[in-house]
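Each remark here refers to the structure printed beneath this line.
The values are calculated or read from the model by the stated rules, or taken from the named source; none is laboratory data. Every value quoted in this text rests on a predicted model; they were computed, and no experiment measured them. Cβ sites come from the backbone with ideal geometry, for glycine too, and all protein chains shown count toward neighbours.
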Amino acid sequence: MKIEGAIFDLDGTLLDSMSIWNTIGEEYLRNPGIEPHEIQKEKLKSMSLSQAAVYFQAEYGLADSADRIIDCVNSMVRDFYVHEVLPKAGVPAFLEKMQQQNVKMCIATATDRHLAEAALLRLGLLSYFEEIFTCSFVGHGKDEPHIYHAAHRFLQTPKSSTWVFEDALHAVKTAKNAGYHVIGVFDSFSGCADEIQALANHYIHSFKELDYIL
């Protein structure tokens, strides 16, 4: 299949980073010696960071202000992206092959740009991408196609040969409904693997499987 442009999600697709978003609340509480409740993870999934800060105050009697809690959590996340996060298996070699084939590439992510840049720079991957688009920049989440359209307009590649790489079901649905070819990427934290596989044009467990694209 022909590929001239590629739009990559970041977390769970290129980076093995979803663990931080699933455990950051628990880690924040454990730092001062608080053991989080068993049901907390499920509750936090539907909360914004601001909502989670208020929840922590009420549920655990924290003396810190909501702003202080948010700052601490953001600092922990920043340290993870700057110092710890790793690429998923096969990603560096695949990006190198894509560049050698003159495929134009960019990022479309819900993560803040400074975190994305810091991680990609440390891992030696930043130079593969011509631009980074974030949900906050375009003003819409991935339940709407705006970020993919913005990335596609920037790449200026034919839509028929522009591919979107995503690990989350809602994002796969959005990109597919917007008319893009989609490669679903397995991530143990994303879930819904069967549904993603049914929707996506192709489904992979590792980027090492993608040599046939090139």
Looking only at residues that are at pLDDT below 80 and hydrophobic (A, V, I, L, M, F, W, C) in region 1-40, which one is farthest from T109 (Cα to Cα)? I39
Residues satisfying the stated conditions in region 19-37, i.e. among the small types (G, A, S) and either surrounded by 15 or more Cβ atoms within 10 Å (Cβ to Cβ) or in contact (Cβ under 8 Å) with a residue 24 or more places away in the chain (or both): S19, G25
Per the filter on region 169-182, residues buried (at least 24 other Cβ atoms within 10 Å of the Cβ) and assigned to a strand (DSSP E or B) are V182
Mind checking whether some residue in region 138-150 is in contact with an Asp or Glu (Cβ under 7 Å, 6 or more places away or on another chain), surrounded by 18 or more Cβ atoms within 10 Å (Cβ to Cβ) and under 18 Å from T13 (Cβ atoms)? no
Quick one: A119 ticks every box in (1) in contact (Cβ under 8 Å) with a residue 24 or more places away in the chain; (2) outside any loop (DSSP other than H, G, I, E, B); (3) exposed (fewer than 15 other Cβ atoms within 10 Å of the Cβ) bar one, so which box is it? (3)
Taking the condition of being loosely packed, with under 14 Cβ neighbours inside 10 Å and under 14 Å from L29 (Cβ atoms), how many residues in region 55-67 meet it? 3
Is at least one residue of region 200-209 out of contact with any Gly (no Cβ under 9 Å at 6 or more places or on another chain) and either in a helix (DSSP H, G or I) or buried (at least 18 other Cβ atoms within 10 Å of the Cβ) (or both)? no
Which one of V82, V91, V73, V103 is hydrophobic (A, V, I, L, M, F, W, C) and at pLDDT below 85? V73
For V164, state whether it is outside any helix (DSSP H, G or I), aliphatic (A, V, I, L, M) and surrounded by 21 or more Cβ atoms within 10 Å (Cβ to Cβ). yes
Which numbered condition trips up E144, out of (1) touching a Ser or Thr at 6+ places or on another chain (Cβ under 7 Å); (2) among the acidic types (D, E); (3) in a helix (DSSP H, G or I)? (3)
